Every structure is written in structure tokens, then in C-alpha cells.
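A.B. asks: After the C-alpha cells below, expect a handful of questions from me.
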Amino acid sequence: MTGKDTHKSRRRLAHLAAVSWFAMSAALVSGTAAFAEEVKPSANFQQLQALIEEHRQQIQAQEHAIEEQRRRLQALEEQVYNAAGQMPRAQPAVYQPLTGLADSMPQNNGQYQSSQGRVETAASDGAQPVGEGQDKTKPPEIVVLSDRGGVLTPKGTIIIEPTVDYSKSTSNRLNFRGVSIVDGFLIGVIEASDADRDTVTSQITARYGITNRLEVETTVPYVYRSDRTTSLVGGSGGTTSTDSTSGDGLGDIEVGAHYQINDGTNDWPFFIANLRYKSTTGTGPFDISRDASGIPTELATGSGFHGVEPSLTIIYPTDPAVLFANIGYLVNLPSAVDTTVGSAVIGDVDPGDSIGMSFGVGFALNEKLSLNLGYQHDFVLETTTETNGVDVESETLSVGSFLFGGSYRLTDAVSVNLTVQIGATVDAPDSRILLRVPVRFNVL
């Protein structure tokens, strides 16, 4: 190889080395830049995470502040509406009176209930709403049971409740006095009777809330009764006779108290204790006038015996309905009558006590209208009467009725409650209709 060729080779190697070095440098720079680009986003991501966490904490703090403000606003609203005796219009309600099945399941049979089961379960006297947003510290009102205890009247509030109560009863009996030779062949007298009894009671009930958990009430009734009995005696030429008797006057005045035992929190039902006293202000069955045969010429407007009834009402809201139940025991106090009815001398009379129970459900259709369904049953124990020196016991009675109720709120202070009872047993009235118009006033 010549020196010239060697020199060219060296120049070519140097050139290749320079190119290789430049390529390696470029690759190194490119890799470093790529690495730097990869590292830089990683640092930005960490900063972004920190920023997101900071914003999340700020949002949580704002949510806590908003929730606290909402609770304070709700508490203020409750104070305002309690003072005004109202509930917010935006919330639907189911009401009670169960002192008669709803407005009480204590408010007089004329309430659920309630004490009727007061199944013023319906939108009525400004009762508590059922469902979302409901105040669990107060029981919902129910409109079918109004004489046995239910929603209580707020402190410092008085409710005046006019009531009209109509009851209809019929009784058909077929009696045979004689001898039956064989089936279908009778020798004697057949008597058939058809009795129609109508009772209309107009009454005024007043309730006052002493505290938010204690209320008292009194009921003053005026009673009108009319009986019409038609008898057919088949063994004497088909003789028919019709007797009509009526009576009216002041009924038995009642007073009662209702106490809410618990606040219904922790998914517990409301428990309401009720106590009712019935006086003898009406004309009793042994105080009415009779003819020489002992047949009444007028009808009684009262029972003639003092009565005390403790009971317990249970109300359980379960969105969107309210379940209710009531159980009570009516004690009728014995008394010495000491009178003569026809040829019978009546001494001491121990009227039968009564065990009553009712249950049902109420549900709101909207903020003004609610409906109630229920059942009420009373077991009336034997009455013992001393007649001519001998104790005579009557039969027990089983009085059961289906209940259908509804309530419509006209204004924040006035509502209309209608309850219909249909007799389910032989001893029960055929039908009964109660129309109540509770009006709320704030006196404090």
C-alpha cells in the first residue's frame, strides 16, 4: 500500500469516527431529551394529584358547612311551624285521630284515632308528613281512629272539632212458640220482628296541647235516637203491629288525656298512652219512662254507668304509608239501680267490660288528601243484673267493623275527615258514618 493510500484510509477512518461520534451524541441527546420529557410529566402528575386532593378537601368542607346550614334551617323551620301550628305545604301528610279509629287514635270517635285507632291517618289538622323528609320526632296524624289516641296536639294549640255521627242498625228475628211434630210441621205461634234503629250524634270535641307530648280533651255529645219495630204474629191471622220510639238529649260527656311515650327514633314506632273517662250525664236505660208493662216510651241517650278506658296506640311510619294499631280495656263500673221494670225488681247491675282493638294503614295521595283502611273489633263481656234477687247474666257480644277513612286539608288550620264503618259481625251496626271538621287555633 502506498503512503497516499494510507493517508486516504486514515482520513476515511477519521471521517467514520466523526460520523459515529456525532450519531452517538445525537442519540444520547435524543434519549436524554426523551427521558427528560418522561420525567417532566411525572412531576406534573404529582402536582395535579396534590391539587385535586386540595380541591376535594375544600369541597368536603363546603359540603359539611352546607349540611350544617341545612340542619339549622330545618330546626328554625320546625320552630316556626310548631309556633304556627302548621307543616310546610311542600310535604304530603297523613293524619290521625285515634280516639276513635286515626284522629285519635285519641281523638274522639268522632280519631288514626283513634283514639279510633285516632286512623286520622289522612292529611288533616296539620299533622306530620309521611315519607321522605318526615320529622321522626313527631307521630303522623291518622284519621280513622279518633277516639282512642294518635297524633298529639302541639304545645299551646287548641283544636275544636265538630262531629256528626250517624249509625244504622237492623235486626230481623223469627221466633216459634209451640210444638214441632216433624220437620216442617209446626203447631203453635210464629212471630217475626223487624227492628230498625237510627242514631244521630252531634258533638263538640276540644283538644289542648299542654306540652308537645301531652294533650287533654273533652267531648260533649247531643244524641237523637229513633227505633221502629214491626212484628208479625203468624198464628193469629197474620196480625201485624208497629211500634216507634224516640229519644234525644245530652249524651255522656267524656274527658281524656294522651301522652306520647317515646320520640320514634332509631326506627322505633311511636307509643301513645291514652286514658278516657265517660260520665253519666246522659239519660240511662233505667232512667227513662216506661208504661205499665215495662215497655219504654222513650229511648236512653247514655249508658247510665261510669266508665274508664286505658289504651295504647302504636303508630309506625314506613314511607309512603303509616301503620297503626290500638288496644284498650273499657271498665264499666257497677251500680245499684234499685228500680222496678214491669214485674221485675232490678237491684245491682254490673255492666260488662269491653276489650277493644283496631289496626290499619294510612297513606297520603298528595299534600292535601290521604286515605285510611282499618278494622276495629270490640269484645263486650257479660252483664250481670240482679233481677228479683237472682243474678242473671247476658250473652257476650262481638262487635267488628271495617273502617274506610279519608281526609282533605282545606287550609293549614282546617280539614275535613270522613270515616265509614261497615259491620262485620251480627252484633255490629250495619253502617256508621262520621264527619269531622277539626279547626286549629294557636293560643300561645
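A.B. asks: Apply 1/(1 + (r/R0)^6) to the Cβ-Cβ distance of residue 367 and residue 202, taking R0 = 30 Å, and write down the FRET efficiency to the nearest 0.05.
C.D. replies: 0.50
A.B. asks: Excluding residue 281 itself, calculate the net charge of residues whose Cβ lies under 10 Å from the Cβ of residue 281, where each Lys or Arg counts +1 and each Asp or Glu counts -1.
C.D. replies: Combined, the nearby Lys, Arg, Asp and Glu give -1.
A.B. asks: May I ask which residue of 333, 211, 246 lies farthest towards the positive end of the charge dipole of region 157-442, with charges of +1 (Lys, Arg) and -1 (Asp, Glu) on Cβ and the Cα centre as origin?
C.D. replies: Working it through, the farthest residue towards the positive pole turns out to be 211.
A.B. asks: Rounded if a/c is under 1.5, else prolate if a/b is larger than b/c, else oblate: which is region 199-338, with a ≥ b ≥ c the root eigenvalues of its Cα gyration tensor?
C.D. replies: prolate
A.B. asks: What ranking of 278, 368 emerges when the number of other C-beta atoms within 10 Å of each C-beta is taken as an exposure proxy, fewest first?
C.D. replies: In order of increasing Cβ crowding within 10 Å: 368, 278.
A.B. asks: Ok, one more. About the Cα centre, and with charges only on the beta carbon of Lys, Arg (+1) and Asp, Glu (-1), how big is the dipole of region 157-442? Nearest 20 debye, please.
C.D. replies: 860 debye
A.B. asks: Grab the beta carbon distance between residue 339 and residue 60, set R0 = 56 Å, and tell me the FRET efficiency rounded to 0.05.
C.D. replies: Efficiency, rounded to the nearest 0.05: 0.10.
A.B. asks: Taking other Cβ within 10 Å of each residue's Cβ, how do 210, 295 sort, fewest first?
C.D. replies: Fewest to most other Cβ atoms nearby, the residues stand as 295, 210.
A.B. asks: Most exposed first by the Cβ proxy, i.e. fewest other Cβ within 10 Å, how do 387, 283, 265, 219 rank?
C.D. replies: Placing the least packed residue first, the sequence is 265, 387, 283, 219.
A.B. asks: Something else: If you stretched the chain out fully between residue 262 and residue 384, how much longer would it get, using 0.36 nm times the residue separation minus the C-alpha to C-alpha distance?
C.D. replies: 39.9 nm
A.B. asks: On to the next question. How much net charge surrounds residue 206 when only the other residues with a Cβ under 11 Å from the Cβ of residue 206 are counted, with Lys and Arg +1 and Asp and Glu -1?
C.D. replies: Surrounding charge for residue 206 is -2.
A.B. asks: Based on the Cβ-Cβ distance of residue 288 and residue 160, what FRET efficiency does E = 1/(1 + (r/R0)^6) give at R0 = 35 Å, to the nearest 0.05?
C.D. replies: Between residue 288 and residue 160 the formula returns 0.65.
Read-outs throughout are calculated quantities, based only on the coordinates presented, and are distinct from any laboratory measurement. The model shown is predicted, which means the values in this text are computed figures rather than measured ones. Positions of Cβ are backbone-derived with ideal geometry, glycine not excepted, and every protein chain shown enters the neighbour counts.
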